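Down below is the structure, laid out as structure tokens.
The values are calculated or read from the model by the stated rules, or taken from the named source; none is laboratory data. Small disclaimer: the values here were computed from a predicted structure and weren't measured. Quick reminder, even Gly has a Cβ in these numbers, built from the backbone with ideal geometry, and neighbours come from all protein chains shown. What goes into the accessible areas is simple: the full protein's heavy atoms, side chains included, and nothing from ligands, DNA or RNA. Shrake-Rupley method; radii C 1.70, N 1.55, O 1.52, S 1.80 Å.
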Amino acid sequence: QQQEEDGSWIKYAYNKIPHTYYARVSWALLALWQATGEEKYKNCAIRQLDWVLRQQKPDGSFNNASFFADDKPVLHVIAYTVEGLLQAGILLNQPKYIDAAGRGLYVWPADGWTCLVGLAQMAVNNFSFYQLTQETEYLKKARQINAHLRSRQSFGALAGSSPIWKRYMPFSWPTWAAKFWIDSLLLEEKYKSDYPTAAIFPTDGLMVYVKKGEMRKDYFNPGNIFKEIYFFERQH
């Protein structure tokens, strides 16, 4: 009842402006449609999702993605937009939403700080793309993000931003940061057998193996069993 003619929501919206991250609300509406069979929920969601598609720029980013009318969204809300499009596309079996989510997956603000909450969400989105496509690159990216978040954990929590005084939830450890990271860590555990890694502790220095010609691509990974191999050279 509150939806605008163009598919967005403005009345009762945060700061009384439209937001693409409400794509996540459309995902919830589609779940409600599946549970009830009420077509009005599906139609409402599709109108909003199509509005989101019209906000996407050629580089994959979105207009009207921010909390404010400043066109400077933090990664947290970009991740919400991507998640809403992706999960809605899966429920509807609609490639245009999934493709739009894929184009926005790595559009991260580069302004000298990191939104840790958004990173955790984007790790989940990468795991979701892996679930959908079985393409290992998504799994690799998600694991890389989790590894970075492990290095930023403090007191068992994640701050909103890194450095902690930056723009998203400064000097705070929001509970939803932990929530999204737990989601991501559970998915990493679920798919750990899909991404085997090896740790090699050679008895000689690596240059010895190079000179012997044993550092060719397949030497330590016959049959491409391992997705990643880590070498730990002894310090003399």
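Observations, loosely collected:
- Single residue of the stretch 1-41 satisfying the filter (assigned to a helix (DSSP H, G or I), under 15 Å from residue 53 (Cα atoms) and hydroxyl-bearing (Ser, Thr, Tyr)) that is farthest from the chain's Cα centre (by Cα): 26
- Residue within the stretch 15-31 that is in contact with a Ser or Thr (Cβ under 9 Å, 6 or more places away or on another chain) and among the charged types (D, E, K, R) present: yes
- Listed by first and then second residue, the pairs linking a residue in the stretch 99-119 that is under 25 Å from residue 133 (Cβ atoms) to a residue that is part of a loop (DSSP other than H, G, I, E, B) and open to solvent by 10 Å² or more (accessible area, probe 1.4 Å), with Cβ atoms under 6 Å apart and 6 or more places separating them unless they lie on different chains, are 107/61.
- Scan of the stretch 159-180 for residues that are in contact with a strand residue (DSSP E or B) (Cβ under 9 Å, 6 or more places away or on another chain), open to solvent by less than 90 Å² (accessible area, probe 1.4 Å) and in contact (Cβ under 8 Å) with a residue 40 or more places away in the chain, ordered by number: 160, 161, 162, 163, 166, 168, 169, 174, 177
- Applying the criterion of at least 3 residues that are within 18 Å of residue 180 (Cα to Cα) to the helices (runs of 4 or more DSSP H) found wholly in the stretch 53-141 leaves 75-92, 116-133.
- Reported count of residues in the stretch 210-232, each being open to solvent by 70 Å² or more (accessible area, probe 1.4 Å), of a type in the set (Val, Ile, Thr) and not in a helix (DSSP H, G or I), is 1.
- Scope the stretch 191-209; condition in contact (Cβ under 8 Å) with a residue 40 or more places away in the chain and not in a loop (DSSP other than H, G, I, E, B); matching residues: 194
- Residue match in the stretch 158-174 (condition: assigned to a helix (DSSP H, G or I) and either out of contact with any helix residue (DSSP H, G or I) (no Cβ under 6 Å at 6 or more places or on another chain) or within 30 Å of residue 72 (Cβ to Cβ) (or both)): no
- Residues (under 11 Å from the mean Cα position of the chain (by Cα) and open to solvent by 10 Å² or more (accessible area, probe 1.4 Å)) located in the stretch 77-118: 78, 80, 83, 102, 106, 107, 108
- Only listed residue being on the phi < 0 side of the Ramachandran plot and open to solvent by 30 Å² or more (accessible area, probe 1.4 Å), chosen from 68, 155: 68
- Residue check for residue 31: more than 30 Å from residue 161 (Cα to Cα) and surrounded by fewer than 19 Cβ atoms within 10 Å (Cβ to Cβ): yes
- Of everything listed in (1) open to solvent by 30 Å² or more (accessible area, probe 1.4 Å); (2) not small (Gly, Ala, Ser); (3) not in a loop (DSSP other than H, G, I, E, B), the single unmet condition for residue 146 is (1).
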